[in-house]
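These notes concern the structure reproduced below.
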Amino acid sequence: MTDIAIVDYGMGNLRSVSKALEHVAPTASIVITDDPEVVRKAGRVVVPGQGAMPDCLRELDKRGLRSAVRYAAMSKPFLGICIGLQMLCDSSEEGNVEGLGIVTGTVRRFPSTSVADSSGLRFKVPHMGWNQVHQAIEHPLWKDIPSDARFYFVHSYYVETANPESTAATTNYPFSFTSAVAKDNIFAVQFHPEKSHDAGLTLLNNFVRWEPFQFQEGIVKSTRDLFPIQT
Amino acid sequence: MGLAKRIIPCLDVTNGRVVKGINFVGLRDAGDPVEISRRYGDQGADELTFLDITASSDNRDLILRIIEEVAAQVFIPLTVGGGVRKVEDVRRLLNAGADKVSINTSAVQNPRLVADAADRYGSQCIVVAIDAKRVENGWEVFTHGGRQATGMDTVEWAKKLQSLGAGEILLTSMDKDGTRNGFDLALTRAVSDAVDVPVIASGGVGNLHHLVEGIVEGHADAVLAASIFHYGDYSILQAKGYMAEHGIEVRL
């Protein structure tokens, strides 16, 4: 059985994610796959993503991966990265598309007009570079990572969560936005742990060892009730 | 506190080795790209940029192997440029492990390439490099490693690139490159203030104060340097310490 499936829906470079996971889990079987069955059967699932969310969803559907990703998000340790976080939301301003509706919230664009800080410097879009991730909750994936550690971001859209309880971290640019979401067996981040050096590798190391169901059995049941599997 | 300004060491690579030239000529060997990348990553480099300056197309695949090897060991963003002419070239570099691809001459010859690559892979991974030289009323864009004038104004070209979908601009002053006299601050500021996308200042860094000037006076979002790091004049950590002392937010 595949230990970790990295979902490939044809939107760019998954090699970085794969290499970083191999680095923290050298003995695990890690595959980059576009096969829905492999995703359904994997022990853990990672959904990375870059590019435009409407294209990502279209490519996901083209490969018949939508229901497998939903299934994984309901049933196994699940890590979403960048668009892999955004697509979990209800909807996105980018192309006015509906997301998977697993996380309550909307994906919005950073205002591209010249927002300036007190010294007159402008906030460029995309938000690109190393910014601080302020932990909003305690979580096994934050183990050994100090709050306000810097991670690498590159994005023009951000998640506005309607349910603050799911916010696992916030980041300022120039206002505070949700940079990580935690819900049951799902952890999803706007930044790129695979490109965030030691802090990122620590988070991935925590993910490959995370056992969300050992202490959350009751929640799994309710998650299934909330999001019945669609085939 | 918020987004940190970035320090990006640049590795000019030819025939599998890192080299450094002065004013685009006179190359000196500076070492093995994988070894240097690992060292910079450990020192706290925020990203790495590789420019493949291999002249003949025979050795083009060498850069792919180098990037594959670096990407398996150094977990920070990698940008690769040099000889990118087609969307297929972008795809091959991204698949090898590059996070961003830098386009220079081909963007001038075929602006559609920038739009097509950004549409296909997203603006976040498309960097356009501009080689600029001071002329009477501004700065002119040059191509082919600085050998060919285009008659185009740098600031106007930068704005055009943003509208085509470039996610970042790597701006090199040809007048300053290799001189170690500091960035062309007026150029950097003119471009950075004219666009919404991040601008990386390049060309001319000779000491740590030049990095501070690039950010504070040039309004750059990131600073790129090669020789001050390659020859061990300063470490990345020293550079960041100096910038932090001067009130610049950096990742330490």
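The values are calculated or read from the model by the stated rules, or taken from the named source; none is laboratory data. Computed from a predicted model, the values in this text were never measured in an experiment. Glycine also receives a Cβ, built like all others from the backbone with ideal geometry; neighbour counts cover every protein chain displayed. Side chains included, ligands, DNA and RNA excluded: accessible areas come from the protein's heavy atoms. Shrake-Rupley method; radii C 1.70, N 1.55, O 1.52, S 1.80 Å.
Criterion applied to A:Phe207, A:Phe191 was being within 12 Å of chain B (Cβ to nearest Cβ), touching a residue at least 60 places away in the same chain (Cβ under 8 Å) and under 19 Å from A:Val46 (Cα atoms), and the one residue passing it is A:Phe191. Scanning the stretch B:68-85 for residues that are of a type outside the set (A, V, I, L, M) and in contact with a Leu (Cβ under 8 Å, 6 or more places away or on another chain) gives B:Phe75, B:Pro77, B:Thr79, B:Gly81, B:Gly82, B:Arg85. Of the residues making up the stretch A:1-43, just one is free of Cβ contacts under 8 Å to residues at least 24 places away in the same chain, surrounded by fewer than 18 Cβ atoms within 10 Å (Cβ to Cβ) and in a helix (DSSP H, G or I), namely A:Glu22. A count restricted to the stretch B:229-242 and to residues that are away from chain A (no Cβ under 13 Å), in contact with a helix residue (DSSP H, G or I) (Cβ under 8 Å, 6 or more places away or on another chain), open to solvent by less than 60 Å² (accessible area, probe 1.4 Å) and not aromatic (Phe, Trp, Tyr) stands at 3. Taken over the stretch B:29-65, the residue count meeting the criterion of being of a type outside the set (Lys, Arg) and either surrounded by fewer than 16 Cβ atoms within 10 Å (Cβ to Cβ) or away from chain A (no Cβ under 14 Å) (or both) is 21. Scanning the stretch B:115-128 for residues that are within 17 Å of B:Glu156 (Cα to Cα) and buried (at least 24 other Cβ atoms within 10 Å of the Cβ) yields B:Val127, B:Val128. Exactly one residue out of B:Ala226, B:Ala158 is crowded, with 23+ Cβ neighbours inside 10 Å and closer than 26 Å to B:Pro33 by Cα: that is B:Ala226.
Per this entry, B:Ser192 is counted among residues that are within 10 Å of another protein chain (Cβ to nearest Cβ), within 25 Å of A:Val154 (Cα to Cα) and not basic (Lys, Arg). What is the residue count in the stretch B:94-111 for residues that are within 20 Å of B:Val34 (Cβ to Cβ) and either touching a Gly at 6+ places or on another chain (Cβ under 8 Å) or open to solvent by 40 Å² or more (accessible area, probe 1.4 Å) (or both)? Going through the stretch B:94-111 one residue at a time, the tally reaches 5.
Scanning the stretch B:181-220 for residues that are in a helix (DSSP H, G or I) and in contact with a strand residue (DSSP E or B) (Cβ under 7 Å, 6 or more places away or on another chain), we see that the one that is farthest from B:Gly165 (Cα to Cα) is B:Leu211. Taken over the stretch B:117-149, the residue count meeting the criterion of being in contact with a strand residue (DSSP E or B) (Cβ under 7 Å, 6 or more places away or on another chain) and at positive phi is 2.
In this structure, is A:Gly95 more than 16 Å from the chain's Cα centre (by Cα) and open to solvent by less than 40 Å² (accessible area, probe 1.4 Å)? So A:Gly95 does not fit the description; no. Scanning the stretch B:213-252 for residues that are closer than 24 Å to A:Tyr152 by Cα, of a type in the set (Val, Ile, Thr) and under 17 Å from the mean Cα position of the chain (by Cα) yields B:Ile215, B:Val223, B:Ile236. No other residue among B:Leu171, B:Leu113, B:Leu161 is among the hydrophobic types (A, V, I, L, M, F, W, C), in a helix (DSSP H, G or I) and closer than 23 Å to B:Cys10 by Cα apart from B:Leu161.
Does the stretch A:131-150 contain any residue that is within 12 Å of chain B (Cβ to nearest Cβ), open to solvent by less than 10 Å² (accessible area, probe 1.4 Å) and modelled with pLDDT of 95 or more? Taking every residue of the stretch A:131-150 in turn, at least one turns out to be within 12 Å of chain B (Cβ to nearest Cβ), open to solvent by less than 10 Å² (accessible area, probe 1.4 Å) and modelled with pLDDT of 95 or more. Applying the criterion of being surrounded by 17 or more Cβ atoms within 10 Å (Cβ to Cβ) and at pLDDT below 95 to the residues of the stretch B:177-194, the residue that is farthest from the chain's Cα centre (by Cα) is B:Gly178.
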